[in-house]
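The structure under discussion appears below in the form of structure tokens.
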Amino acid sequence: MTKSIVADRYAKAMFELAEQKGEVESIQQQLVEIKKAFYGTEGLKDLLESPAFSKNKKKEIVQNVIENATVDVKNALNLLLDNNRMDELGNFVDSFNALAFEQAGVAVATVFSTRELTEEETEKISQSFSQMIGKKSLKIDNVIDPTLIGGIRLQIGNHIYDSSVRAKLARLEQQMLG
Amino acid sequence: MSIKAEEISALIKKQIEGYQSEMEVSEVGTVIQIGDGIARAHGLDNVMAGELVEFSNGVMGMAQNLEANNVGIVILGPFTGIEEGDEVRRTGRIMEVPVGEELIGRVVDPLGQPIDGLGPIDAKKTRPIQGEAPGVMARKSVFEPLQTGIKAIDALVPIGRGQRELIIGDRQIGKTSIAIDTILNQKDQDMICVYVAIGQKESTVRGVVETFRKHGALDYTIVVSASASKPAPLLYLAPYAGVSMAEEFMYNGKHVLVVYDDLSKQAAAYRELSLLLKRPPGREAYPGDVFYIHSSLLERAAKLNDDLGGGSITALPFVETQAGDISAYIPTNVISITDGQIFLQSDLFFSGVRPAINAGLSVSRVGGDAQIKAMKKVAGTLRLDLAAFRELEAFAQFGSDLDPATAAKLERGQRTVEVLKQDLNKPLKVEYQVAILYALTRGYLDDVPVHDILRFESEFTQWLESNHTEIYEHIRSTSGLPDDALWEAALKEFKRSFVPSESAE
């Protein structure tokens, strides 16, 4: 399910371009970095979406921030600014990510656990779950959540695989209370 | 519910044994917007239209609008505990309600949960609330009468089992009373009744339930209540829940009467949630499918053919009008769907004609097929008589000199109106109705003073029970009209003993 149709269209265009040039991976990395920078910096996003600044001024700021980016990425951001779609940047990057992962046969998984997973564990989870959902491999994002008590909880897209102690206790409670 | 200590231990033991093998897989979405009983969620890619979803605080919802980037969900419960960013979980179930014998005598909400404080309902079966109506070949034409016990209805606008008869009128002029009396009269008639209260006051519903209990009607009645304080989605769902419970009985060959009190409130609730879901408004701001929600509901009332057990659902939908305006949107819709309507009029009500049924505007499209022979014979001309009387009455107000024929017609008319009056919660058996209508249409009441008619009726019908049992016996066993000679003898004998009271005027 997409968050925004507009962002999907930009992402698709960008992805096709990247594919032609064989730079999907590098562009993906750059975009993720850019999103992190823009959304992580206090006020930068608001400034870029604000109508109080002229487009040229905004472009200047953006170019300064992403000096090291490739030409295509720079152009894409300028285009977003020109079309007043800067508020779609986050969705644009997400959509692009989704397309890139789709092509590579990779699924993004968030694993919640009580402690950090070891390499070996990550590898095992990636193997068994990627087989289950019919993908080549998993890109695992490890989040530490002590409230799980034990076990792991895995989220892939809209699916949650929960075998944490917390979920089991909750289920037990439900059964006993009817 | 009491839990024994051993049970807990056994349960925990089972849990511990199965500990490793269990993993919960669920499909989730995220709430991105919440308010007014509606939530929008991102995710939930494979959700079905009408599927139940569960919010992280345990409240259920129903997926309604499936859009490209979000799902509109109506919340079936308190929505104040749900926040933006909460998880919404698919359940994979379409909304269904518990059905079966266990529900009889209970008061439940539209989800089938008991609200009468009499403990849990141990129903073994469930039915989806949005079901398909029986098809063309599954049906049979309506032929058995449904006795409402109300003279004006059974004589003038007879209702058959499997019929859909609309009851329409302004507020506070006795619509609900008709439903209550009809349900009370189903005692010993092998009927199961479902009373669906939509957007009613809790106190009113309480009163209705008490009336049922007092008259023993709760032994064969299910009350489904979504009161005025409940969220709009529950009001919208209540009639579907009611008809699903009824269907279970119908497909088991039983006869069911469903009362929807009332559908204009359901339409208003549906309008509310449609507007909140941002569906385009149409006439009177109702959404485009407001006709469909009523037609799909009322189509589920049916008389099944014998192969399917011959069960039936009779539907009595109610619609409230504003100042008698039956050309508003919802009234015209429902009138066109149903097999006739009973029109209640406020000026009749205030002039003392209760039930305030307007015989001219009320029709039953199934009509005479659903009357017993005896009733058909005595009530045949009643309708025309009444119409002629109403016409003459208006005309006669201007002149004092009337020819004897006109005067006689007027006299007869006044007595007809009087006979059709009836007290609350006193439904009349069909043979009693035939007796008094026979006396009226054959002119035996013409010399009884108008103010004595109701007393004559109650005394005569009681007297027949003890003195001329053969008349009632004949109607009950053959459903035909007894010989005129029998009637004449009985009526003459009774009239000798009947003393007219002093004139009230």
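The separation of the range B:57-134 from the range B:423-448, counted between C-alpha centres, amounts to 48 Å. In straight-distance terms, cross-link reach from B:Lys124 covers every one of the aspartates and glutamates whose alpha-carbon lies under 17 Å from its own, apart from those fewer than eight places away in the same chain; here that gives B:Glu96, B:Glu101, B:Glu102, B:Glu247, B:Glu248.
Extension gain, B:Leu384 to B:Arg283, is 32.6 nm, computed as 0.36 nm per intervening residue step minus the present C-alpha separation. Rolling a 1.4 Å probe over the protein chains gives A:Phe15 an accessible area of about 20 Å². The aspartates and glutamates within cross-link reach of B:Lys230, meaning a Cα-to-Cα straight distance under 18 Å and a gap of 8 or more places when in the same chain, are B:Asp36, B:Asp109, B:Asp116, B:Glu202, B:Asp261, B:Asp262, B:Glu272. Shown for the protein assembly as shown is the translational diffusion coefficient from the Stokes-Einstein equation, using the Kirkwood radius over Cα pairs, a temperature of 37 °C and a viscosity of 0.692 mPa s: 108 µm²/s.
Legend: distances between Cα atoms for B:Lys376/B:Lys409; B:Lys377/B:Lys492; B:Lys187/B:Lys429; pairs beyond 18 Å are B:Lys376/B:Lys409; B:Lys377/B:Lys492. For the range A:5-101, with equal point scatterers placed on the C-alpha atoms only and solvent neglected, what are the log10 I(q)/I(0) values from the Debye formula at q = 0.14 1/Å, to two decimals? Taking Cα atoms of the range A:5-101 as identical point scatterers yields -0.46. Towards the positive end of the charge dipole of the range A:123-178, with charges on Cβ (+1 Lys, Arg; -1 Asp, Glu), say which of A:Phe129, A:Gln155, A:Leu177 has the farthest Cα. Positive-end residue among those listed: A:Phe129.
What shape does the range B:1-132 have by the C-alpha gyration tensor, where a ≥ b ≥ c are the square roots of the eigenvalues, rounded means a/c under 1.5, and otherwise prolate means a/b greater than b/c and oblate the rest? The shape class here is oblate. Fully extending the segment from A:Leu44 to A:Asp145, taken as 0.36 nm per residue of separation minus the present Cα-Cα distance, adds 33.4 nm. Here the sum of -39500 (n - 2.57) over DSSP H runs of 4 or more residues, divided by the residues of chain B, equals -11500 deg cm²/dmol at 222 nm, to the nearest 500. Note on the range B:63-146: Kirkwood hydrodynamic radius from all Cα pairs is 16.9 Å, rounded to one decimal. By DSSP, what percent of the beta bridges with both residues in the protein assembly as shown are antiparallel, rounded to the nearest 5? If we restrict to bridges inside the protein assembly as shown, about 60 percent are antiparallel. Close Lys pairs in the range A:5-101 (alpha-carbon distance under 21 Å; sequence gap of 8 or more, or different chains): 24.
Figure note: A:Arg171, B:Arg300 ranked by solvent-accessible area, largest first, 1.4 Å probe, ligands and nucleic acids not counted: A:Arg171, B:Arg300.
Note on B:Thr91 and A:Glu173: their simple-model spin labels are 1.9 nm apart, each label 7 Å out from Cα toward Cβ. With a Förster radius of 56 Å applied to the beta-carbon distance between B:Ala323 and A:Asn68, the computed FRET efficiency rounds to 0.15. Only protein atoms count toward the accessible area here, which uses a 1.4 Å probe; on the range A:5-101, the carbon and sulfur part of that area reaches 49 percent.
When nucleic acids and ligands are ignored and a 1.4 Å probe is applied, A:Lys3 ends up with an accessible area of around 120 Å².
The values are calculated or read from the model by the stated rules, or taken from the named source; none is laboratory data. Quantities reported herein were computed from a predicted structural model and do not represent experimental measurements. All Cβ positions, glycine included, derive from the backbone under ideal geometry; neighbour counts span all protein chains shown. When the accessible area is computed, the model is the full protein with side chains, heavy atoms only, and any ligands, DNA or RNA have been set aside. Shrake-Rupley method; radii C 1.70, N 1.55, O 1.52, S 1.80 Å.
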